[in-house]
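The structure appears below as structure tokens.
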Amino acid sequence: MNELLEVRNVRRSFPRSGGEELLVLEDVNLSLKEGEIVGLLGRSGSGKSTLLRLIAGLASPQGGSLTYMGAPINGPAQGVAMVFQGFALFPWMTVLQNVELGLEALGLPESEIRRRALAAIDLIGLDGYESAYPRELSGGMRQRVGFARAIVVHPNILLMDEPFSALDVLTAENLRTDLIELWGKKQLPTKGIILVTHNIEEAVLMCDRVLLFSASPAKVSSEVRIDLPQPRERTSPAFEDYVDRIYVEMTARRVERMRQQQQGTSFLDMPLTHVSPNQISGLVEALAAAPYDGKADLPDIAYEQELEVDELFPVAEAMQLLRLADVEGGDIKLTHMGKRFADGELNERKEIFSRALQNHVPLAGHIRKVLDERASHSAPYRRFLDELEDHMAEDAAEETLKTVVSWARFSELFSYDDDAELFSLENPT
Ligand code: ADP
Ligand code: MG
């Protein structure tokens, strides 16, 4: 098989306020061969879009190398096209004009541009919509225009950045099915596809190989080859086995990292993903109830609760962090405290939550201690934000603090005044 793309030991960081660097990609390796669909699976913020931008030549790495069909990537390459999550169409242009735009840079004769644009429109199921404007189209049709504009150039590599995630479930599935069918019949004018996604099932449905991304900094932590013929059946046991296996790999790694951070040198290095007490209560309740009775397979309960990985993992992690549940392999199991929480009235829940916060979320304990010690029993938001920002990216620091605020409010460990941007103790002892 011919090698389309080779990414070797790529490194990319971004400058952060305060002169530090945020290392987003470290030592990333991947290859794409002719005839392959390769998936990049990882949670949001793990650097997937950054990697696609490097491959598209829209940004350059600080280390390592990217090779496209044998030559180093240096600036935007002809033959690499991208489909984005947002539709990125020009509202004042018709479907046909939007698609033809993809061809302008190639310097083709006008008749050839028209012929290829119409062929792409036809292929992707937009026949009859040539003169429509984007605002007249549904989300699914708009994304089809996005696809048509990408494939009209007959790219050697088609990069897709979460192309289905802005669509509703049915529309997304239709579009996936159509693409797989076209790909299977070799009707898509492209040689290889890289699909970025945070949806495990989507990756198993569409890809020949799936690379799992770990976060901060992102590395390709493992590769899973999906040995199933197309079209794939979501409900087949073999399909579910792949989904389970990837779930297990992704959770095991994340929970391990979190345990290390929890025992680590400083809580200031422990970013939290925002999860509301409501979401935590919801999952605790679902787990406690039949048919789970305290223990569930993560993919099962995700499916049952209509949650995607990106939504389920942070909730499961928060429960692990607060010691309301144990995440082990692909399972989640309520702890003794978790069961008591599930059975408790609101006041008991608040108490359990408050104790969990003080004992297991060092940042919450730290804020509480500062408030206890101060004569005013108050402290500005900025004080803690600055402290966190010395150890993590600005947006991570804000999200971490926001999370602790919402947990502390629920448990009444301390309160927070949004307008004054001030933490305080409601009932100082
Ligand atoms: P993903 O696509 O996996 O959600 P991204 O590649 O978009 O992740 O972003 C990874 C990290 O890099 C994020 O923390 C993001 O804030 C940061 N980042 C991405 N692009 C830039 C940039 N141009 N400048 C600074 N930080 C960036
Ligand atoms: Mg992204």
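What follows draws every value from the coordinates through simple rules; no lab data is involved. Bear in mind that the values here come from a model prediction, so they are computed numbers and not experimental data. Reconstructed Cβ throughout: ideal geometry from the backbone, glycine too, with neighbour counts over all protein chains shown.
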Fill in the blank from the handout: One would report the antiparallel percent of DSSP beta bridges in the chain, rounded to the nearest 5, as 65
Problem - Positive dipole terminus of the chain, leading residue within S13, I332, P76 (C-beta point charges) - result: P76
Completion exercise
For K295, the aspartates and glutamates lying under 17 Å Cα to Cα, once residues fewer than eight places off in the same chain are dropped, come out as D244, E285, E304, E317, D326, E328, D331, D343
Handout entry: Difference of contour (0.36 nm per residue) and Cα-Cα distance, S65 to D386
Key = 112.0 nm
Exercise for the section: Count charges around G70 for me, please; just the other residues with Cβ under 12 Å from its Cβ, Lys/Arg as +1, Asp/Glu as -1. Expected result: -2
Exercise for the section: For a footprinting-style exposure proxy, rank T273, T251 by other Cβ within 10 Å, fewest first. Expected result: T273, T251
Completion exercise
With label points set 7 Å from each Cα along the Cα-to-Cβ direction at D343 and N359, the distance between them in nm comes to 1.7
Handout entry: MRE, 222 nm, helices only [DSSP H, n ≥ 4, -39500 (n - 2.57), over the chain, to nearest 500]
Key = -13500 deg cm²/dmol
Exercise for the section: Could you tell me which helices of the chain pass both thresholds, a Cα extent of 15 Å or more along their own axis and a mean Kyte-Doolittle hydropathy of at least 0.0, with helices taken as whole DSSP H runs? Expected result: 169-184, 277-288, 309-321
Problem - Rounded to the nearest 20 debye, dipole of segment 283-417 from Cβ charges on Lys, Arg, Asp, Glu - result: 840
Practice task
State, to one decimal in nm², a quarter of the convex hull surface area for the C-alpha atoms of the chain, i.e. the direction-averaged projected area.
Solution key: 23.7
Fill in the blank from the handout: Shape descriptor, segment 277-424: equivalent ellipsoid semi-axes (Cα gyration tensor, sqrt 5λ, whole Å, largest first) stand at 30, 17, 12
Problem - Cut-off 13 Å between beta-carbons: net charge of the residues surrounding R349, Lys and Arg +1, Asp and Glu -1 - result: -2
Exercise for the section: Arrange the following residues from fewest to most other Cβ atoms within 10 Å of their Cβ: W407, W183. Expected result: W183, W407
